[in-house]
Amino acid sequence: MEIKADQTARQDRMAILARCSTERLSALWATLGLQPRHTPLRGPEAGLVMLRGRVGGTGEPFNVGEATVTRASVKLEDGSVGHAMALGRDHAKVQLSAVIDALCRNAETAARIDAELIQPMRRELDQADETRRQQTAATRVDFFTMVRGED
Amino acid sequence: MYVAVKGGEAAIDNAHRLLADRRRGDRSVPALTLDQITEQLSIGVDRVMSEGSLYDRRLAALAIKQARGDLIEAIFLVRAYRTTLPRFGHSEPVDTGAMLVERRVSACYKDLPGGQLLGPTFDYTHRLLDEELEGDPLVETGALRGGDQEPVMRVADILGQEGLIEDDGFIDPAAEPGDINQTPTEFPMSRAMRLQSLSRGDEGFLLALGYSTQRGYARSHPFVGEVRIGEVDVEVFMPELGFAVPVGRVQVTECQMVNQFKGSAKAPPQFTRGYGLVFGQSERKAMAMSLCDRALRAEELGEDLVAAPQDQEFVLSHCDNVQATGFVEHLKLPHYVDFQAELGLVRTMRSEYEQRTGEAVLETREAAE
Amino acid sequence: MLNEATALEGGFSDPVLNAQSVFRAVMDAMAKPATVVEVDAVVTPPAPLGRAAGAVACALIDADTPFWLDASLAEHAALRAWLAFHTGAREMATCSDVAFALVGAPATMPPLDRFAQGTQEYPDRSATLILQVPSLEGGAPLTFEGPGIRDRVVLAPRGLPRDLAFQWKANRKRFPRGVDLILTTGDAIACLPRSVRLVEMEG
């Protein structure tokens, strides 16, 4: 149960880190005042993932084309390991995301990072989504009947 | 005989230098930035991503700049670049049903859950050049409309409720889709691999083929079930974690083309579907792709093979513009030796011909005398 | 409980350059069959995988090439985690469909014909077997000839299957199909591509 909840929290965090902008992440990170020493286990390195869709939308998987991704894995001094992967080729962002993932293996630090870094970024990203949703909604066609033919 | 010649090094260097000069153009005009290209020429960028088969807006913008706006050259550059990167794996299949929709229209149903969402479309513009855009006029942001929004339901699901449309079939969880990058081309090709090939195929070629199906070559009675454009989440399974990790979002365009089908020995009368899925905002391409996908299913559905769009080998061997341009454009490279051989051959044939006609003339004369 | 960090440490420090230098060593060793080549093996895989075998695995195996481990290696969870992390490849339970096999105990490995042999049209769709041997010298001498070998060359690895001579003949008969072997020990490798012939010595 706990492991499952832990995994969901970690995935949620990774989703936000992958989507945020480097500038915003660095700015919020600076306010935390954390400077953990870490060594790289792998990367950061850029590569490709093959993006898959489904035949007809819900059928068998097929390969659509590739996307650039960057991944990194780090180890902190206390032995905690963190991983990160995000679309694009932003090494600095992904490296920092891996450090944050490693720090969040500690429940106390995770609570602080969630409150002060992840939550604000989530709110901003959700707000941006909401704006786009409303912009799209404004282009929704409201049909009204002009003339009805004879019955 | 083979003659090796050497030369032209200085000419090539200077040609490249001249190319760079012409690419930069008038130095008093500011250089294009990649941000300008990604923000303001975004549909060109999307085409390069889709046919370059690499989702990375900035790389596509760089390619467009380097190629001086020649999109096929840009696509070539992107295809070449992607071979330099290691492949880490593949994503989980994206869920287009859960898309953050920016546009969704259906030609089949007027009132459907989620509604007709026009989004940022060229449709209904008057195609009149806007001279204001010569400058940098102030542009308003998009209008907002709040309130509850219904989920944007798939049209295929609506038709599916009546049982009048084919479903997407049984899914074998262990099956791995083939990858045209790694498997030599063999026909017949699976539908999964055909779709990969079409998704990166040339927009113009697919458009022309799709058009031909409407004009009667492999007619398929198409209706746009729906076209949707928007962002989908991408997740990648990381073995070291043991679960799938969200890595961000990509914008895609999906087209469900619904085709009337009178039935055959293999299938009952029903609606069938052609499918299109491409990177970015590429509606024309997604629609053309779905027409071609449907035409290529002719054999599977027991239809007569009567036209080029139904011919896998014809469509799939010629839809890739990097291959096509490579083979067409190589004709301008030196073929001096080949041509000398041809020249010799034609000379021989000509002299044989003249000898023959000369003899014939002689014979005629002799006969006349 | 397996220590996460140790299972992940010890990969290439500079993946591009390291992989290129190991690839170069493998290429040289394939071009000069049965000749011992030193690998600048900059990895430290978990036991019992050796440095050269680990380096070759990191350089050649990737997400597109599923691999198989023999029982002597598969029983080490840390090693499996390490390979999964550094190669990104899928480990398969059976040896018949993989592109690479890592074998820790060649003496008791499955017969060569149990691995993918490629097809007549695509002989490249065959398996490359990375065999970790106790030593590349001191065993029964094997004499080879073929492309890349001037006259003849002798290699005397220890720990190979007893009937290797018989199996290699059969492998050679399947040409252009067949498997290729990379023998590793410590920091050294020697390759036996399917093109080399084992010379039967009298006596």
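The table below lists the values:
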read-out: Subset of the range C:149-170 [part of a loop (DSSP other than H, G, I, E, B) and either surrounded by 13 or more Cβ atoms within 10 Å (Cβ to Cβ) or touching a strand residue (DSSP E or B) at 6+ places or on another chain (Cβ under 6 Å) (or both)]; value: C:Ile149, C:Arg152, C:Ala156, C:Pro157, C:Arg158, C:Gly159, C:Leu160, C:Pro161
read-out: Selection from the range C:1-29 of residues that are under 22 Å from C:Gly104 (Cβ atoms) and in contact with an Asp or Glu (Cβ under 8 Å, 6 or more places away or on another chain); value: C:Leu8, C:Val22, C:Ala25
read-out: Matching residues in the range B:159-170 - criterion: being in contact with a strand residue (DSSP E or B) (Cβ under 8 Å, 6 or more places away or on another chain) and either facing another protein chain (nearest Cβ under 8 Å) or among the charged types (D, E, K, R) (or both); value: B:Glu166, B:Asp168
read-out: Filter pass, B:Ser317 being touching a residue at least 12 places away in the same chain (Cβ under 8 Å), assigned to a helix (DSSP H, G or I), small (Gly, Ala, Ser) and within 11 Å of another protein chain (Cβ to nearest Cβ); value: no
read-out: Selected residue (only one of B:Glu186, B:Glu140 is over 24 Å from B:Gly263 (Cβ atoms), without any contact (Cβ under 8 Å) to a residue 12 or more places away in the chain, in the same structural domain as B:Leu277 (by TED's automatic domain parsing) and among the acidic types (Asp, Glu)); value: B:Glu186
read-out: Test: residue in the range C:127-137 that is among the hydroxyl-bearing types (Ser, Thr, Tyr) and surrounded by fewer than 17 Cβ atoms within 10 Å (Cβ to Cβ); value: yes
read-out: Residue in the range B:190-211 that is small (Gly, Ala, Ser), surrounded by fewer than 24 Cβ atoms within 10 Å (Cβ to Cβ) and more than 28 Å from C:Gly88 (Cα to Cα) present; value: yes
read-out: Residue that is surrounded by the fewest Cβ atoms within 10 Å (Cβ to Cβ) [pool: residues in the range B:139-158 that are facing chain A (nearest Cβ under 7 Å) and at pLDDT below 85]; value: B:Gln149
read-out: Filter result for A:Thr8 (within 15 Å of the chain's Cα centre (by Cα), at pLDDT below 95, surrounded by fewer than 18 Cβ atoms within 10 Å (Cβ to Cβ) and within 20 Å of B:Arg57 (Cβ to Cβ)); value: no
read-out: Residue within the range B:188-200 that is away from chain A (no Cβ under 11 Å) and touching a strand residue (DSSP E or B) at 6+ places or on another chain (Cβ under 8 Å) present; value: no
read-out: Single unsatisfied condition, B:Met99 versus (1) at pLDDT 95 or above; (2) in contact with a helix residue (DSSP H, G or I) (Cβ under 7 Å, 6 or more places away or on another chain); value: (2)
read-out: Number of positions in the range B:25-72 that are among the hydroxyl-bearing types (Ser, Thr, Tyr) and more than 22 Å from B:Gly248 (Cα to Cα); value: 2
read-out: Residue ID - farthest from A:Arg42 (Cα to Cα), chosen from residues in the range B:71-96 that are more than 7 Å from chain A (Cβ to nearest Cβ) and modelled with pLDDT under 95; value: B:Thr83
read-out: Hits in the range B:302-314 (condition: more than 15 Å from B:Asn259 (Cα to Cα) and assigned to a loop (DSSP other than H, G, I, E, B)); value: B:Asp304, B:Leu305, B:Val306, B:Ala307, B:Asp311
read-out: Selection from the range C:62-73 of residues that are out of contact with any Cys (no Cβ under 7 Å at 6 or more places or on another chain) and modelled with pLDDT of 95 or more; value: C:Phe67, C:Leu69, C:Asp70, C:Ala71, C:Ser72, C:Leu73
read-out: Failed criterion for B:Asp46 (all others in (1) farther than 25 Å from A:Ala128 by Cβ; (2) charged (D, E, K, R); (3) within 17 Å of the chain's Cα centre (by Cα) hold); value: (1)
read-out: Condition met for B:Leu129 (surrounded by 10 or more Cβ atoms within 10 Å (Cβ to Cβ), modelled with pLDDT of 95 or more and either within 27 Å of the chain's Cα centre (by Cα) or over 30 Å from B:Pro239 (Cβ atoms) (or both)); value: no
read-out: Residue tally, condition in contact with a helix residue (DSSP H, G or I) (Cβ under 7 Å, 6 or more places away or on another chain) and part of a strand (DSSP E or B), over the range A:26-41; value: 2
read-out: Criterion violated by A:Met121 - all others in (1) surrounded by fewer than 21 Cβ atoms within 10 Å (Cβ to Cβ); (2) within 13 Å of chain B (Cβ to nearest Cβ); (3) under 16 Å from the mean Cα position of the chain (by Cα) satisfied; value: (2)
read-out: Matching helices (runs of 4 or more DSSP H) fully within the range C:10-85 where at least 1 residues are buried (at least 17 other Cβ atoms within 10 Å of the Cβ) and within 13 Å of chain B (Cβ to nearest Cβ); value: C:15-31, C:51-60
read-out: Residue in the range B:292-301 that is in a helix (DSSP H, G or I) and surrounded by fewer than 22 Cβ atoms within 10 Å (Cβ to Cβ) present; value: no
read-out: Subset of the range B:69-95 (residues that are over 19 Å from the mean Cα position of the chain (by Cα) and in contact (Cβ under 8 Å) with a residue 40 or more places away in the chain); value: B:Phe88, B:Gly89, B:His90, B:Ser91, B:Glu92, B:Val94, B:Asp95
read-out: Options B:Arg194, B:Arg228, B:Arg215; residue that is of a type in the set (D, E, K, R), over 16 Å from the mean Cα position of the chain (by Cα) and within 24 Å of B:Tyr55 (Cβ to Cβ); value: B:Arg228
read-out: Subset of the range A:68-87 that is touching an Asp or Glu at 6+ places or on another chain (Cβ under 7 Å) and within 7 Å of chain B (Cβ to nearest Cβ) - its residue that is farthest from B:Gln251 (Cα to Cα); value: A:His83
read-out: Of the criteria (1) free of Cβ contacts under 8 Å to residues at least 24 places away in the same chain; (2) facing chain A (nearest Cβ under 10 Å); (3) over 19 Å from the mean Cα position of the chain (by Cα), which one B:Asp179 fails; value: (3)
read-out: Conditions (1) free of Cβ contacts under 8 Å to residues at least 12 places away in the same chain; (2) assigned to a helix (DSSP H, G or I): number failed by B:Leu129; value: (2)
read-out: Number of the condition not met by B:Ala4 [criteria: (1) under 30 Å from B:Asp179 (Cα atoms); (2) modelled with pLDDT under 95; (3) more than 13 Å from chain A (Cβ to nearest Cβ)]; value: (1)
read-out: Scan of the range B:286-301 for residues that are within 14 Å of chain A (Cβ to nearest Cβ) and charged (D, E, K, R), ordered by number; value: B:Asp293, B:Arg294, B:Arg297, B:Glu300
read-out: Qualifying residue in the range B:264-274 (condition: closer than 26 Å to B:Thr185 by Cβ and at pLDDT 95 or above); value: yes
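The values are calculated or read from the model by the stated rules, or taken from the named source; none is laboratory data. If you're wondering where the values come from, they're calculated on a predicted model, not measured in any experiment. Note: ideal-geometry Cβ built from the backbone for every residue, glycine included; neighbour counts use all protein chains shown.
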